[in-house]
Amino acid sequence: MLSIFTELADWFTYTLLGLSANDKLSDALHFFIEDTSKIFFLLVVMIYLIALVRASLNIEKVRDYLASKNRFVGYFFGAIFGAITPFCSCSSIPVFLGFTSAGIPVGITMAFLLSSPLINEVAVLLLLSLVGWKLTLIYILVGMAVGIVGGILLDLIHAEKMLQPFALKAYHSANPVTRIDKRCTATLTFRQRHDFAKQELLDIVRRVWVWIFVGVGIGAGLHGFVPVAWVESTLGDGQWWSVPLAVLLGIPLYSNATGVIPIMETLINKGLPLGTTLAFCMSTVAASFPEFILLKQVMTWRLLAIIFTLLLASFTLIGWVLNAIS
């Protein structure tokens with residue numbers, strides 16, 4: 001389904017404009033068109049559908065279930081959902097907004113948001129052919145562990161208090177019964193549910209559309225300019241400091257898990273240690289500037305700093321461990 005956005009970008013960049021596929025400018029333009037169209041599609045569809053469901057069902061029961069004794073199950077399923085959904089870090093954000101406005105605990109939502117960009121089925125298949133099933137399994141478990149542990153920690157510090165006011169308000173008033181004239185949702189017509197979902201969608205899109213263009217624009221400008229040769233020469237000896245340095249180098253760059261696998265393959269084939277390579281690639285995928293620019297629209301700087309620090313520490317620790325065992 002999502003391949004239609006690649007085809008749209010192909011048509012616009014290479015057919016309509018007639019640009020060369022090997023040109024860096026055309027590569028950046030292709031990236032921008034593909035990601036912005038995909039993100040807006042996901043934003044519209046996911047927010048509308050989730051809001052429509054909220055107006056039809058008592059989401060409070062789901063929220064209470066996940067927030068009570070089954071919270072750890074919720075973290076696990078949030079990470080599982082993140083792992084099986086083919087979203088990059090930026091396109092995961094519309095789903096995050098939908099979960100937040102549905103009143104799902106922030107820790108569970110963050111388990112999804114942190115796991116989703118790190119793992120997808122294409123990346124798993126590529127990794128299988130590149131490093132074998134054992135290291136691929138380690139990568140999957142690591143990606144899920146980052147999401148689960150991150151979700152637990154963020155719930156422990158009550159991270160929902162650090163959402164932007166509109167997101168916090170949506171989180172606390174998630175039950176549509178209290179938002180639609182206090183009427184029983186069972187009596188609402190489809191038209192009333194549609195109006196509720198449409199208004200929810202418009203409210204969120206008005207707040208984030210500019211930042212989608214800004215975030216993806218930065219990502220497009222950086223896409224294709226990964227300095228592979230320099231990374232190889234700087235990080236190839238496996239010193240302890242090379243892992244945190246690799247994490248820091250990955251931050252300004254941006255790619256999804258699928259797009260970063262060819263870079264990973266090149267670095268490993270050139271002799272870069274596996275842990276250093278994974279730390280660099282995970283930082284590129286899950287701790288990028290474009291993602292944090294978009295997240296700033298729903299989170300305060302304090303929460304962003306906590307998530308950022310958590311990710312950098314996790315990737316560094318993962319890199320050290322994998323270098324030690326490989």
- Task: Output the residues belonging to region 288-326 that are within 18 Å of the chain's Cα centre (by Cα) and not in a helix (DSSP H, G or I).
- Result: S288, K296, Q297, V298, M299, T300
- Query: Going by the structure shown, is L29 under 22 Å from the mean Cα position of the chain (by Cα) and assigned to a helix (DSSP H, G or I)?
  - Reply: yes
- Within region 129-236, helices (runs of 4 or more DSSP H) holding 3 or more residues that are modelled with pLDDT under 75, within 21 Å of the chain's Cα centre (by Cα) and farther than 16 Å from L52 by Cα: 190-222
- Query: Say we look at region 134-165 and pick out the residues that are of a type outside the set (A, V, I, L, M, F, W, C) and touching a Phe, Trp or Tyr at 6+ places or on another chain (Cβ under 8 Å); which of these is surrounded by the most Cβ atoms within 10 Å (Cβ to Cβ)?
  - Reply: G147
- Which of the residues spanning region 269-287 are among the hydrophobic types (A, V, I, L, M, F, W, C) and over 18 Å from the mean Cα position of the chain (by Cα)? L272, L274
- Message: Suppose we keep only residues that are in a helix (DSSP H, G or I) and buried (at least 18 other Cβ atoms within 10 Å of the Cβ) within region 49-61. Which one would you say is modelled with the lowest pLDDT?
- Response: I59
- Quick one: is A123 crowded, with 24+ Cβ neighbours inside 10 Å, modelled with pLDDT under 70, among the hydrophobic types (A, V, I, L, M, F, W, C) and part of a helix (DSSP H, G or I)? yes
- Message: One residue is enough: does region 22-40 have a residue meeting the conditions aromatic (F, W, Y), closer than 30 Å to Q192 by Cβ and modelled with pLDDT of 80 or more?
- Response: yes
- Task: Only residues that are crowded, with 23+ Cβ neighbours inside 10 Å and at pLDDT below 80: list them for region 64-91, please.
- Result: G82, F87, C88, S89, C90, S91
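The values are calculated or read from the model by the stated rules, or taken from the named source; none is laboratory data. What you see is a predicted model; the values in this text were computed from it and never measured. Note: ideal-geometry Cβ built from the backbone for every residue, glycine included; neighbour counts use all protein chains shown.
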